[in-house]
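Chemist: Input: one structure, supplied below.
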Amino acid sequence: MKYDERTCKFNMDTGCVELLLRDGREISIDCTGVEGALDVTMAQ
């Protein structure tokens, strides 16, 4: 799936990457949740 993004930024307050698409949709990716699911550490 291809997204036509307008902006993409990291929100320090929520720990999420926020993606705003040109058609007005917003996607928020919870980085803490992704890291937990992948079982990774800062050293990796």
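The values are calculated or read from the model by the stated rules, or taken from the named source; none is laboratory data. These numbers were taken from a predicted model, which means no experiment stands behind them. Cβ atoms come from the backbone with ideal geometry, glycine included; neighbour counts cover every protein chain shown.
Chemist: Just one of Glu18, Glu35, Glu26 is modelled with pLDDT under 90 and among the acidic types (Asp, Glu); which is it? Don't jump to the end; show me each part of the working.
Modeler: On the way: Glu18 fails: modelled with pLDDT under 90; Glu26 fails: modelled with pLDDT under 90.
Sole residue among the options that is modelled with pLDDT under 90 and among the acidic types (Asp, Glu): Glu35.
Chemist: Quick one: is Gly36 of a type in the set (Gly, Ala, Ser) and touching a helix residue (DSSP H, G or I) at 6+ places or on another chain (Cβ under 6 Å)? Don't jump to the end; show me each part of the working.
Modeler: On the way: of a type in the set (Gly, Ala, Ser): yes; touching a helix residue (DSSP H, G or I) at 6+ places or on another chain (Cβ under 6 Å): no.
Here the answer is no, as Gly36 does not meet what is asked.
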